[in-house]
1. Just rank 138, 96, fewest to most, by other beta-carbon atoms within 10 angstrom.
2. Can you tell me the length gained on complete extension of the stretch residue 110 to residue 145, counting 0.36 nm per residue apart and subtracting the Cα distance?
3. Apply the a/c threshold of 1.5 to the C-alpha gyration tensor of the stretch 38-174 and tell me whether it is rounded, prolate or oblate.
4. Can you sort 45, 149, 33 from fewest to most other Cβ atoms within 10 Å of each residue's own Cβ?
5. Rounded to whole Å, give me the distance from the Cα center of the stretch 24-94 to that of the stretch 122-148.
6. Along Cα→Cβ, 7 Å out, is where each label goes; now give me the distance between the ones at residue 21 and residue 129 in nm to one decimal.
7. Between residue 71 and residue 58, what is the label-to-label distance in nm when each label sits 7 Å out along the Cα-to-Cβ direction?
8. Where does the chain land at 222 nm, in deg cm²/dmol rounded to the nearest 500, when only DSSP H runs of n ≥ 4 count, each adding -39500 (n - 2.57), divided by all residues?
Ligand code: UDP
């Protein structure tokens, strides 16, 4: 990996194509890989939130989802050349899953948002398998049950949409036991897919 440090936070250098190639690599290796898509706000939060910094430090791919990160990089000559958005990367992941007939699980958003997103994803990517959906307004004590049900299904990709940084911390908390290949916090992207 070729990493730039922006205000102490590691970010992978490269384009959307580079990030997509990394995704393919991660989807074809063992264990659960975590993808994070920090914007400027998250990099600022990570200055004080040491747990969040650890999540990003240990992630397997970190894309610069904020033009502020590119400006900061240019001023300090850190080598980030272009913004790579979570929305665009999610589309690339979906495209690859469609080609390879892989399965996805959508976790988050208001009741029925994940279902509507799944329907629209299937219209565009008919070979994707929708492994399951779960809304993001569950009781805290049900969290482990949700993780267990994801593990029973073993989707290739888990998208979380619980708001940042909660969606990233949730993946981090369970990534050693999650039976998924790739987990990514995608926030509002699920709402966009829901239409
Ligand atoms: N969300 C959720 N559960 C919550 C809070 C938020 O599922 O308890 C969902 C929300 O419905 C939206 C997504 O998380 O789909 C992103 O939320 P928000 O706009 O707060 O986060 P951001 O985009 O700023 O990361």
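Quick note: the coordinates plus some simple rules give every number you see, no bench work behind them. In this text the structure is predicted, and so the values were computed from the model without any measurement. In this analysis, Cβ positions are derived from the backbone assuming ideal geometry, glycine residues included, and neighbour counts consider all displayed protein chains.
1. Details: 138 15, 96 20.
Least to most surrounded, the residues fall as 138, 96.
2. Working: separation 35, 0.36 × 35 = 12.60 nm, distance 1.86 nm.
Contour length minus Cα-Cα distance gives 10.7 nm.
3. Details: a/c = 2.25, a/b = 1.41, b/c = 1.60.
Oblate shape, in that a/c is at least 1.5 and b/c is the bigger or equal ratio.
4. Working: 45 16, 149 13, 33 21.
Placing the least packed residue first, the sequence is 149, 45, 33.
5. Distance between centres, Cα-based: 23 Å.
6. 2.9 nm
7. Modelled inter-label distance: 3.3 nm.
8. Numbers: 9 runs with 91 residues, N = 195.
Roughly -13500 deg cm²/dmol at 222 nm, from the helical runs in the chain.
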